[in-house]
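Visitor: Okay, here's the structure, questions in a sec.
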Amino acid sequence: MSPSQVASVLGEPDEVRTAYEPKIKRAKVVGYTYWYVIRRLRRDGSVVEKQEALVRVFFGLDDHVVKVDAWGL
């Protein structure tokens, strides 16, 4: 799916972040992610305190979905 197709299903993302390869030094950009916050009980605090439920959609540099992750659902 393309970013516009994902947005047509899930709506506009809450956050868009650049994704880097898992290297510490000189990591290259490998894509970007759309973050959808399903639930966040507190704006600040630890992961436990916020009790977040999230969906992250990862796009490669070719603008197609590579994988989808979910936490707290």
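The values are calculated or read from the model by the stated rules, or taken from the named source; none is laboratory data. Predicted, not measured: the structure shown is a model, and the values here were computed from it. The area values use the complete protein model at the heavy-atom level, side chains included, leaving out ligands, DNA and RNA. Shrake-Rupley method; radii C 1.70, N 1.55, O 1.52, S 1.80 Å.
Visitor: Over the chain, calculate the relative contact order: mean separation of alpha carbon pairs under 8 Å at least 6 apart, over the residue count, as a percent.
Guide: Value for the chain: 26 percent.
Visitor: Something else about it: For region 46-63, in order, what is each residue's ³J(HN,Hα) by Karplus, 6.51 cos²θ - 1.76 cosθ + 1.60 with θ = phi - 60°, in whole Hz (x at glycine and Pro)?
Guide: My calculation for region 46-63 gives 6, 4, 5, 5, 6, 6, 6, 10, 10, 10, 10, 10, 9, 10, x, 5, 8, 6 Hz in order.
Visitor: Continuing with this model, one more query. Please compute the Cα-Cα pair-distance distribution of the chain with 5 Å bins starting at 0, giving whole percents from short to long.
Guide: Pairs per bin, as whole percents: 3, 15, 22, 22, 17, 14, 7, 0.
Visitor: Now a separate question. On a 1.4 Å probe surface of the protein chains, which of W71, W35 comes out largest in accessible area, and what is the full order?
Guide: Per-residue accessible area, sorted high to low, gives W71, W35.
Visitor: Further question: Pull up all non-local amide H partners of V30: gap of 5 or more, or a different chain, and H-to-H distance under 5 Å with H placed in the peptide plane.
Guide: The list, which skips near neighbours in sequence, is A19, Y20, E21.
Visitor: Please give the calculated 222 nm ellipticity per residue for the chain, where each DSSP H segment of at least 4 residues contributes -39500 (n - 2.57) and the sum is spread over every residue; nearest 500 deg cm²/dmol?
Guide: When only DSSP H runs of four or more count, the value is -3500 deg cm²/dmol.
Visitor: Oh, and also: Starting from the amide H of I38, placed 1.01 Å from N in the peptide plane, find each other amide H under 5 Å away whose residue is 5 or more places distant or on another chain.
Guide: The list, which skips near neighbours in sequence, is A53, L54, V55.
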